[in-house]
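Working notes, beginning with the structure itself.
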Amino acid sequence: MLDIPQRSVEARAADLDARYGDLAPAELIGTMAYHFFPDRLALVSSFGADSITMLSIVAEVVPDLPVLFLQTGKHFDETLRYRDEVVKRLGLTNVVDLYPEPLALAQDDPDGMLHKRDPDACCAIRKVHPLNRALKPYDAWITGRRRHQTFARRQLPIVEADGTHIKLNPIATWSQDDVDQYIDEHDLPRHPLVAEGYPSIGCAPCTARPAAGEDARAGRWSEAGKTECGIHWMR
Ligand code: SF4
């Protein structure tokens, strides 16, 4: 492990971004996984519409990197089947399922309809809290977020601070064409719902097809006035 002085997470993220933010995604991930955060780095993946891009890059460089998957209990069946197909195809050896706390579900979502009444609370129980617990052993995590996806993501850094963690967004600068080209060139399977008009795929009750001309994530929580599940807010 390289010797890096302990500083604030913000300063460390800014330094890593300045020094390594121009690396190609595979190089960046390899550098972080083997030199800066050995055994302290994980990928968080939804196995959604474009997730296979980041999963494939990780599989090439660090196939045993922990891949954290939130088993919310609300996924499309297609997503769960696709997850199994992708894991096998890419040879990922360390996919970890994260579950909500049964007691929290029993207390706050006994009928499974909390997503209708209070989607923020539902995401907190089914996504944010399980991920926060799971990230405790790690110093850094990887996402597949990109700048073009939403207005709020337009200035997404390659390396950023996320509370006590470093967060890597290795393909932040990629366009949708870049992603599509990568998937085609590597002959990777797409999530089956992409062909049915879903460019962004999360939990089934909170995912709709966006209307023509809307951004790719417009179908997420489209009736709730919500744009993010909360896992990307500082922990
Ligand atoms: S995306 Fe919807 S169903 Fe999934 S955790 Fe959030 S509110 Fe609940």
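If you wrap the stretch 84-143 in the convex hull of its Cα atoms and look at it from every side, the mean projected area works out to 5.7 nm².
Quick one: grab the alpha carbon gyration tensor of the stretch 14-105, order the square roots of its eigenvalues as a ≥ b ≥ c, and give me rounded if a/c is under 1.5, else prolate or oblate depending on whether a/b is larger than b/c.
Values: a/c = 2.22, a/b = 1.65, b/c = 1.34.
Prolate.
For the stretch 33-177, the tally of Lys pairs with Cα-Cα distances below 22 Å comes to 6, considering only residues 8 or more apart or on different chains. Helix 176-185 and the long axis of the chain differ in direction by around 80°, with both axes built from C-alpha atoms.
With the simple spin-label model, which puts each label point 7 Å out from Cα in the Cβ direction, the D178 to D111 separation comes to 4.6 nm.
Based on C-alpha pairs under 8 angstrom that are at least 6 apart in sequence, the stretch 1-71 has a relative contact order of 33 percent. Relative to the longest principal axis of the Cα atoms of the chain, the long axis of helix 9-20 makes an angle of roughly 70 degrees. Restriction of the trypsin sites (Lys or Arg not before Pro) in the stretch 6-41 to DSSP coil positions whose beta-carbon has at most 14 other beta-carbons within 10 angstrom yields R7. 3J(HN,Hα) along the stretch 147-152: 5, 6, 5, 8, 4, 5 Hz, from the Karplus curve 6.51 cos²θ - 1.76 cosθ + 1.60 with θ = phi - 60°, whole Hz, x for Gly and Pro.
In the chain, the portion of solvent-accessible area held by carbon and sulfur atoms comes to 51 percent [1.4 Å probe, whole percent, DNA, RNA and ligands not counted].
So how strong a dipole does the stretch 12-155 carry about its Cα centre when Lys and Arg Cβ are +1 and Asp and Glu Cβ are -1, to the nearest 20 debye? Each step should come with its number before you reach the end.
On the way: 19 positive and 20 negative charges, 67 e Å.
For the stretch 12-155, the charge dipole is close to 320 debye.
For the stretch 108-221, the square roots of the Cα gyration tensor eigenvalues, ordered a ≥ b ≥ c, give a/c of at least 1.5 with a/b no greater than b/c, which places it in the oblate category.
Across the stretch 121-136, coupling constants 3J(HN,Hα) worked out from phi with the 6.51/-1.76/1.60 Karplus curve, θ = phi - 60°, read 5, 5, 4, 4, 6, 8, 10, 5, 5, x, 5, 4, 5, 5, 7, 4 Hz, and Gly and Pro carry x.
With contacts taken as Cα pairs under 8 Å at a separation of at least 6 residues, the stretch 96-193 carries a relative contact order of 20 percent. For the chain, averaging the sequence separation of C-alpha pairs within contact (under 8 Å, six or more residues apart) and dividing by the residue count gives a relative contact order of 24 percent.
Between the residues S51, H75, L92, the greatest Cα displacement towards the positive end of the dipole of the stretch 46-115, with unit charges on the Cβ of Lys, Arg, Asp and Glu, is found for L92.
Each residue of the stretch 84-98 was assigned a 3J(HN,Hα) from its phi angle through the Karplus expression (A = 6.51, B = -1.76, C = 1.60, θ = phi - 60°), giving 5, 5, 5, 4, 5, 4, 8, x, 6, 10, 9, 8, 10, 8, 10 Hz with x at Gly and Pro. From the Kirkwood radius over Cα pairs of the chain, Stokes-Einstein at 25 °C and 0.890 mPa s returns a whole-number translational diffusion coefficient of 134 µm²/s.
The values are calculated or read from the model by the stated rules, or taken from the named source; none is laboratory data. Since we're looking at a predicted model, the values are computed, not measured. Counting neighbours? That spans all protein chains shown, and the Cβs are built from the backbone with ideal geometry, glycine included. For accessibility, only protein heavy atoms count, side chains too; no ligands or nucleic acids. Shrake-Rupley method; radii C 1.70, N 1.55, O 1.52, S 1.80 Å.
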